[in-house]
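Colleague: Have a look at this one.
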């Protein structure tokens with residue numbers, strides 16, 4: 001029996017060709033050195049800005065020249081008013097305690113004087129004056145109501161004013177007399193006896209009649225101060 005042999009295909013063995021690295025030839029690119037333009041750019045920008053500023057200023061100046069000037073209002077300074085010091089009654093009283101007092105005037109015998117408001121009671125008998133004989137003319141000025149020879153209370157104040165006639169002042173001799181000047185007028189001061197008590201007396205040496213002012217109430221310090229203040233206000237016209 002004939003055997004049919006099937007030919008066996010032999011594998012083809014391929015030997016790879018050796019890989020030869022490809023040589024790349026680089027083209028020569030010439031490098032051209034560029035010049036720097038930065039300073040030129042900066043200078044150009046500066047010039048543009050400067051020209052713009054100059055053009056703006058020129059435009060503003062021309063605009064101001066064409067505008068009408070606005071009138072400036074003239075301010076007239078106000079006059080300085082110096083305040084005038086006004087004296088109030090309280091201030092006047094502090095500087096001069098007699099500034100607010102009232103004035104008594106007797107034109108017959110030519111004298112006047114001032115009194116505080118609390119010494120408001122007056123008993124005026126000077127119209128009884130007689131040139132000869134007994135002279136009962138007197139003026140009582142006091143701070144209490146009632147006609148009496150002298151104030152007996154601690155708060156009483158009274159002065160008695162007498163006009164001398166040909167018989168004198170009708171009072172005892174003045175003790176411890178002392179010459180002085182009051183309100184530019186010569187006077188004699190001392191003490192006399194009123195109601196068996198020593199009382200201050202001041203006699204103004206005026207013509208044609210001397211005038212006596214007696215503190216006929218208690219001789220307290222307060223009364224003496226007020227008595228002297230009243231004496232300082234006496235004025236004579238004869």
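We did not get these values from a lab; they are worked out from the coordinates using the rules stated. Note that this is a predicted model, so its numbers are computed, not measured. Virtual Cβ from ideal backbone geometry, glycine too; neighbours counted across all protein chains shown.
Colleague: If each residue of separation counts as 0.36 nm, what is the full-extension length gain between residue 180 and residue 229 once their alpha-carbon separation is subtracted?
Modeller: 16.1 nm
Colleague: Right, another one. Length gain on complete extension for the stretch residue 46 to residue 60, per 0.36 nm per residue less the alpha carbon to alpha carbon distance?
Modeller: 2.9 nm
Colleague: Order of 56, 104, 227, 123 from fewest to most other C-beta atoms within 10 Å?
Modeller: Ranked by crowding around the Cβ, least crowded first: 56, 123, 104, 227.
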